[in-house]
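Notes follow once the structure below has been shown.
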Amino acid sequence: MNDFNTSNPFTDARNFIKKQKFPKNLIFKKVYNSMDKPTKKAEKKFQKYLGFYAGKEVTKTLPSYRSPKFLDSNHYTRAGNFIVLYPDLDYYLLYPDEKEKIFKHHALQPYLYLLEKQYPQ
């Protein structure tokens, strides 16, 4: 609920709710909390699992990696155009799935292999 831009009516929802008369204020507060609490809980889980724990896994492959300080937000988006690199049988022969190397397919060499194969110069 903190990620809305300034022109969104939810930005100032708490003050709006406080100004309402009883019992409207209780109803609005209940509705607001029913939307706010799950998003805060999800934000904490995202940071825990996709930030902290994933960061620990990355350092196993890249020991010099340092996790950034995470912004208390879910307002992230991918930048630029998507370039989908589809693996084929040759790719999996060269880079087979290995249970103990979960980030294997996200290393530079596999990306370069697919990029050069799908977009030859």
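Does Lys99 satisfy the criteria of being in a loop (DSSP other than H, G, I, E, B), basic (Lys, Arg), free of Cβ contacts under 8 Å to residues at least 12 places away in the same chain and over 30 Å from Met1 (Cα atoms)?
Spelling it out, Lys99 is indeed in a loop (DSSP other than H, G, I, E, B), basic (Lys, Arg), free of Cβ contacts under 8 Å to residues at least 12 places away in the same chain and over 30 Å from Met1 (Cα atoms).
Looking only at the stretch 65-108, which residues are under 19 Å from Leu50 (Cβ atoms) and of a type in the set (Phe, Trp, Tyr)?
Selection gives Tyr65, Phe70, Tyr76, Phe103.
Check off (1) surrounded by fewer than 13 Cβ atoms within 10 Å (Cβ to Cβ); (2) hydrophobic (A, V, I, L, M, F, W, C); (3) closer than 23 Å to Met1 by Cβ for Phe46 and give me the number that stays unchecked.
Failed condition: (1).
Between Leu62, Leu93, which is at pLDDT 90 or above and over 18 Å from the mean Cα position of the chain (by Cα)?
Exactly one residue qualifies, and that residue is Leu93.
Give all pairs with beta carbons closer than 6 Å in which a residue from the stretch 45-60 that is in contact (Cβ under 8 Å) with a residue 12 or more places away in the chain and not assigned by TED's automatic domain parsing to the domain that holds Ala107 meets a residue that is surrounded by fewer than 15 Cβ atoms within 10 Å (Cβ to Cβ) and not hydroxyl-bearing (Ser, Thr, Tyr); count only pairs at least 6 apart in sequence or on separate chains.
Gln47/Phe70; Gly51/Phe70
With (1) surrounded by 11 or more Cβ atoms within 10 Å (Cβ to Cβ); (2) outside the structural domain of Lys104 (by TED's automatic domain parsing); (3) over 18 Å from the mean Cα position of the chain (by Cα); (4) not in a helix (DSSP H, G or I) as the list, and Val31 as the residue in question, which single condition is left unmet?
Condition (4) is where Val31 drops out.
The values are calculated or read from the model by the stated rules, or taken from the named source; none is laboratory data. Being a predicted model, the structure only gives us computed values, none of them experimental. Cβ sites come from the backbone with ideal geometry, for glycine too, and all protein chains shown count toward neighbours.
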